[in-house]
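The values are calculated or read from the model by the stated rules, or taken from the named source; none is laboratory data. Keep in mind it's a predicted model, so treat the numbers as computed, not measured. Cβ: placed from backbone, ideal geometry, glycine included. Neighbour counts: every protein chain shown. Keep in mind that these areas ignore ligands, DNA and RNA; they rest on the heavy atoms of the full protein, side chains included. Shrake-Rupley method; radii C 1.70, N 1.55, O 1.52, S 1.80 Å.
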Amino acid sequence: MLTEHTNKRLERINLDIKEILFISITLIFISFSSIYSYLLFHSIVELFSIIIAGGVFLVGWTSRKYMKTPFFLVIGISSAFIAVIDLIHTLAYPGMNIFLNYNANLATSLWIAARYLQAGSYLAASLLIKKSIKPKYLLLINLIAVVGLLFLIFAEFFPVCYIEGFGLTPFKIISEYIIDLIFFACLLILIKNRDEFDKKVFILIISSIIATIIAELEFTFYIGVYDISNFFGHIFKVISFYLLFKSIIQIGIEEPFNLLFRKIKEAEDRYHTAFEESPDGIVIFEFDSLKVSEFNEAICKLLGYSRKEFEKLKINDYDVNESPSETRAHMEKVLKEGFENFETKFRTKNGEIKDIFVTAKVIRISEKNYFQSIFRDVTEQKKAQELRTRLASIVESSEDAIIGKTLEGTITSWNKAAEKIYYYTAEEMIGKSIELLSPPNLKEEIFEFLNRIKNGEKIEGFETERMRKDGTKANVSLTISPIKDINNKIIGASTIARDITEKKKAEEKIQNLSKFPSENPNPVLRVDDKKIIYTNKIGKNLFNITEGGAVPEILKEPITNSIINKNIQELDANLNGRTFTLVVTPVENADYVNVYGIDITERKKAEEKLSQLISTVSHELRTPITVLLMSLEYFSKHKANLTDDLEEKLLDGISRNVNLLNKLSEDILLFSRIDEQRLELEWEEYNPLEIITEVLFLMEPIGMEKNINFEIDVGNHIHLRGDPKRIDQIFRIIIDNAIKYSSKDSKVEISAIEYYQGKYNLNKSSGVLFKFKDYGRGISKEDLPHVFERFFRASNVNEISGTGLGLTIAKDLVESHRGHIFVESELDVGTTIYVFLPYVE
């Protein structure tokens, strides 16, 4: 084997040497042609390059499906378009006399355009090594580029590259260096991605690019188009194109064919290996005679015959289901449709009958049809399938959920009962994790069970909860057993889940009912006319009784009446400072009664508060309504005799009383919300100074009437959280009172103390103390304790309109902001109101 490999390698080396000698001789011959005529030399070199470029395109295009990288496809397609420009360049070369109205600049411009296109295609190919691109886009891009370049050159919009008598222009020289830099960048990219190429192909590509770079450098030195540097540039161009062609041939032709032959050989080896080592019996029959042409060892083992014995058998000798006519019918169907699968039965040498699954198809060998059959023994599978069918029937008819799962918890089976219990269908659950059924607080339970199953444990009668599809919980009793394979290895778990939800509900209901009397926060007793049969804890404490003890005096009469008359008795009783309604209920066909107590203390308080509110509101409404009615009556009776001053006074009185009624209704509505705990605050950050400023702006007309001066000492940087609307209401009530009860030409001081920790901060929390000080009437010592009571008005302000609700509302709103409000006052000196508001996150 080593000798054969060495010989092939030597043959390859010899072939490479011959190829190098041929190319060298060709280059020498081309070089000598320049002695006779440089124009002839140039034409040969360019045509040689053009032919190679065309070959590169053809090979690259036709072998594109064999190439694992689009590099050669990009280079191959662009080569065809480069060849077009090079051909025009050759025809335009000085001395060819084809394009008569153009000088040597035409050929030089065409040359530099072709090289830019070549460098650009190499760069694109290098960048697209690991990507894919459709050939039609490459064709379109190259076509647009070539047409555009030719138009620019022949329309003389292209930069001048050569000047007669002067030589190459800076544009042409710089372009050659730019092109070399592009090729150098390609070198770096290709080296980085060298693993994408065959080693030999990679060396050829790199060598081709290096030759191109040398050629371009040579083309920067000449002055005349027939100079020696021009000569060497063309020689290196030929070498470059040859090396590119060589790499394309290597990747596009040699490798695909070598790969093809290698694959054919490997396929033959795999076929024979698969044929002989197949566990299924394989027999190839001659199509016409049904004579056995080839068979493997597996068919002999299947039927119990030796190879010599089997060679003499016909198919009907062991196929008990097939008659010759049936066999022929199968063959005709296979010939028509290409293949057929069917089941039959074989009789072995010892007479055993086996179930056989047949896959038959027609194959052609040497232009002749053969009948190939693959025989698989499915006897055990059939038995297992019958067993599975019976088991499946049992599982599906079970009232309990039966769920199979892997040791990782993936569900593999799901019966109808599981659908009824968990509301998921089999399609929804098979393949999903059993964890889907676990409530969040029982996730660890699932994995604990799986670990126990892995250790061979069995879990029986475990009661727990599982989640249904609709989010409700099901109470289940679980029995979980390991599933083992034929080698006794644990491969999964089987869960039998019994729905005990209704049972649990019934038990819970019974348990709850049994706990009801003892857990009831109100007294519950069972008594007869002599003793206490049962009492809960609250009843024991309220009546100071024990079970078996005497009936409380307060209950004796209603209990006796209820037992005798068989009716319900009710009474209210004050017990330990609370008010209870006691309901004595007789029990049918029993000589005892049940006593149920209901705590109505809060209801009584609410009724009293409501009664007080109605009485107070009625009283407060009576005065403004009376004034309104009397004013309106006076208007109607004395309309003709009214003076302007009297009319203005009456209207002013009506207006003030209407406003009083409106204010009173708003305050009562707010109180109702506070009492019913329906007051909702919209918490947000606010600036107290901005609210105070807005309130003062709105009250400016009232303040100006009394010429009151406001002194404000509240920092604009202070920010608190609360309901700005309610804070505005608090400040407005306090400032309104300060203005109303201040004398003319006095002042009102408003200040704020940050991080206040004094006596007005009851909870010692961090916050701001607001101080509102006026120098008005003040409040007497007798009236001061009542200023926060509803509808209370001090004795020295009767002539000033008001509802007596303002400070009460302010207090409730301050406390709803977790703050405190205080009033200090001295009669005829003034009043100071302190409002502490905490910082709230």
When residues of segment 282-306 are limited to those that are over 19 Å from LYS354 (Cβ atoms) and open to solvent by 40 Å² or more (accessible area, probe 1.4 Å), the one modelled with the highest pLDDT: GLU294
What about GLY409, is it surrounded by 15 or more Cβ atoms within 10 Å (Cβ to Cβ), in contact with a Gly (Cβ under 7 Å, 6 or more places away or on another chain) and under 27 Å from ASN488 (Cα atoms)? no
What number of residues within segment 721-745 satisfy the criterion of being buried (at least 20 other Cβ atoms within 10 Å of the Cβ) and outside any helix (DSSP H, G or I)? 3
Residue in segment 566-587 that is in contact with a helix residue (DSSP H, G or I) (Cβ under 9 Å, 6 or more places away or on another chain), at pLDDT 85 or above, of a type in the set (Phe, Trp, Tyr) and open to solvent by 20 Å² or more (accessible area, probe 1.4 Å) present: no
Identify, from the list GLU690, GLU685, GLU705, the residue that is open to solvent by 90 Å² or more (accessible area, probe 1.4 Å) and touching a Gly at 6+ places or on another chain (Cβ under 9 Å). GLU685
Which of (1) touching an Asp or Glu at 6+ places or on another chain (Cβ under 8 Å); (2) within 29 Å of TYR755 (Cβ to Cβ); (3) outside any helix (DSSP H, G or I) does GLU685 not meet, given it meets every other one? (1)
If GLY539 satisfies every condition in (1) open to solvent by less than 20 Å² (accessible area, probe 1.4 Å); (2) modelled with pLDDT of 90 or more but one, which is the exception? (2)
Checking VAL787 against (1) out of contact with any Asp or Glu (no Cβ under 9 Å at 6 or more places or on another chain); (2) at pLDDT 90 or above; (3) open to solvent by less than 40 Å² (accessible area, probe 1.4 Å), which test does it fail? (2)
Residues being open to solvent by 40 Å² or more (accessible area, probe 1.4 Å) and either within 16 Å of SER477 (Cβ to Cβ) or free of Cβ contacts under 8 Å to residues at least 12 places away in the same chain (or both): count how many of those fall in segment 429-447. 4
Of those in segment 63-122 that are in a helix (DSSP H, G or I) and of a type in the set (Phe, Trp, Tyr), the residue modelled with the lowest pLDDT is TYR66
Is it true that some residue in segment 448-466 is in contact with a strand residue (DSSP E or B) (Cβ under 8 Å, 6 or more places away or on another chain) and small (Gly, Ala, Ser)? yes
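Of all the strands (runs of 3 or more DSSP E) wholly in segment 342-450, which have at least 2 residues that are more than 41 Å from the chain's Cα centre (by Cα) and under 23 Å from SER278 (Cα atoms)?
Per the criteria, 353-365, 368-377.
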Looking at VAL797, VAL823, can you tell me which residue is in a loop (DSSP other than H, G, I, E, B) and either within 50 Å of the chain's Cα centre (by Cα) or not basic (Lys, Arg) (or both)? VAL797
Could you check, for segment 808-819, whether at least one of its residues is more than 19 Å from LYS747 (Cα to Cα), in contact with a helix residue (DSSP H, G or I) (Cβ under 8 Å, 6 or more places away or on another chain), of a type outside the set (Ser, Thr, Tyr) and open to solvent by 30 Å² or more (accessible area, probe 1.4 Å)? yes
Would it be correct to say that GLY767 is open to solvent by less than 50 Å² (accessible area, probe 1.4 Å), farther than 21 Å from GLU824 by Cβ and small (Gly, Ala, Ser)? no
Residue check: is LYS336 at pLDDT 85 or above, over 24 Å from ALA274 (Cβ atoms) and not in a loop (DSSP other than H, G, I, E, B)? no
State whether one or more residues within segment 313-331 are modelled with pLDDT of 85 or more, open to solvent by less than 40 Å² (accessible area, probe 1.4 Å), under 28 Å from GLN381 (Cα atoms) and in a helix (DSSP H, G or I). no
Kindly list, by first and then second residue, each pair from a residue in segment 397-408 that is farther than 13 Å from GLU435 by Cβ to a residue that is among the acidic types (Asp, Glu), limited to pairs with Cβ atoms under 9 Å and residues at least 6 apart or on different chains. GLU399/ASP499; ASP400/ASP499; ALA401/GLU419; ALA401/ASP499; ILE402/GLU396
From the list GLY758, GLY804, GLY778, exactly one residue is assigned to a loop (DSSP other than H, G, I, E, B), open to solvent by less than 60 Å² (accessible area, probe 1.4 Å) and under 21 Å from VAL695 (Cα atoms). Which is it? GLY804
What do you reckon, is PRO135 closer than 26 Å to ILE44 by Cα, out of contact with any Lys or Arg (no Cβ under 6 Å at 6 or more places or on another chain), surrounded by fewer than 23 Cβ atoms within 10 Å (Cβ to Cβ) and touching a residue at least 60 places away in the same chain (Cβ under 8 Å)? no
Which count do you get for residues in segment 93-114 that are of a type in the set (A, V, I, L, M) and crowded, with 23+ Cβ neighbours inside 10 Å? 6
